[in-house]
1. Top to bottom by accessible area (1.4 Å), largest first, where do GLU28, GLU74 land?
2. Before rounding to the nearest 500, sum -39500 (n - 2.57) across all DSSP H runs of length at least 4 in the chain and divide by the residue total; then give [θ] at 222 nm in deg cm²/dmol.
3. With a 1.4 Å probe and all protein chains in place, put VAL71, VAL59, VAL111 in order of accessible area, largest first.
4. Restricting to Cα pairs below 8 Å that are 6+ residues apart, what does the relative contact order work out to for the stretch 20-110? Please round to a whole percent.
5. What do you get for the angle between helix 27-42 and the principal long axis of the chain? Use alpha-carbon atoms, 0 to 90 degrees, nearest ten.
6. For the stretch 96-185, which whole-number percentage of the solvent-accessible area (1.4 Å probe, protein heavy atoms only) is attributable to carbon and sulfur atoms?
7. Can you put ASP125, ASP96 in order of accessible area, largest first, using a 1.4 Å probe?
8. Can you tell me the 0 to 90 degree angle between the C-alpha axis of helix 2-14 and the longest principal axis of the chain, rounded to 10?
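The values are calculated or read from the model by the stated rules, or taken from the named source; none is laboratory data. Since we're looking at a predicted model, the values are computed, not measured. Here the Cβ positions follow ideal geometry from the backbone for every residue, glycine too, while neighbour counts run over all protein chains shown. Each accessible area value is taken on the protein alone, full model and side chains, heavy atoms only, with ligands, DNA and RNA left out. Shrake-Rupley method; radii C 1.70, N 1.55, O 1.52, S 1.80 Å.
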Amino acid sequence: MRKLITGLALAGTLATGAVIAQTAGTDEDVAFAQAIWEEMVEMNLAGEGALMGLPYRGVPPHGEMLETFYVETEIMGESGLLVIKRNYGPEEVTEDEVLADPSGHLGSVTVMFQREEGYDPEHDDWFYAKYLPDGAMDTNPAGMALAGAVGRDLSGGCIACHITAGGEDYLFTTDAFPRRTPAME
Ligand code: HEC
């Protein structure tokens, strides 16, 4: 709880357009996100013919059927954990339909990559990105590319929601990976 309050107080002092613009959606953020996409294609985890896992029923906002992959990798010289979530639709789509025609049902690909310490130390240094099925960056309603510390001011977006994940590790699906910074009381 204290963490949330600290976060909100911080958001109060930092929530200017300039600061938000620097933490997500910059050219540098987009370049980093594109490097992640290229690495995923390289690993056969994105693009045509990508490796499939068994899709499972999703929860909002990530889609009707999901797949999640965890892989240690290196992006632009930084080593870390990459978590990939593929989001399939439409409503009522089944596992079999997704497996039979993955690209026909893919709505978006969302990722989290844990960057080097100091990238976003208050939120365990996670970099977020959301792609359209062809690898182009998705944008928010304001036109900002969804790449970087999206939602760092906690007013909405990836971090504002992922901060509520169990284990305080920003990951909803698992607590298997240790937090980088000790949980606050
Ligand atoms: C309103 C809450 C919410 C928002 C906003 C949100 N997510 Fe998630 N996210 C979830 C939930 C819940 C899961 C677990 C889904 C499941 O059952 O697999 C999840 C899972 C994930 C995962 C798999 C890792 C994990 O947490 O287990 C990734 C990667 C991810 N989200 C990326 C993103 C990105 C990138 C954004 C912003 C563009 C985003 N999310 C915005 C709720 C949210």
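1. Accessible-area ranking of GLU28, GLU74, largest first: GLU28, GLU74.
2. It comes out at -7500 deg cm²/dmol, rounded to the nearest 500.
3. Sorted descending by solvent-accessible area, the residues read VAL59, VAL71, VAL111.
4. Relative CO of the stretch 20-110 lands at 22 percent.
5. Rounded to the nearest ten degrees, it is 30.
6. Heavy-atom surface of the stretch 96-185 belonging to carbon and sulfur, 1.4 Å probe: 54 percent.
7. Details: ASP125 5, ASP96 115 Å².
Putting ASP125, ASP96 in descending order of accessible area: ASP96, ASP125.
8. 80 degrees
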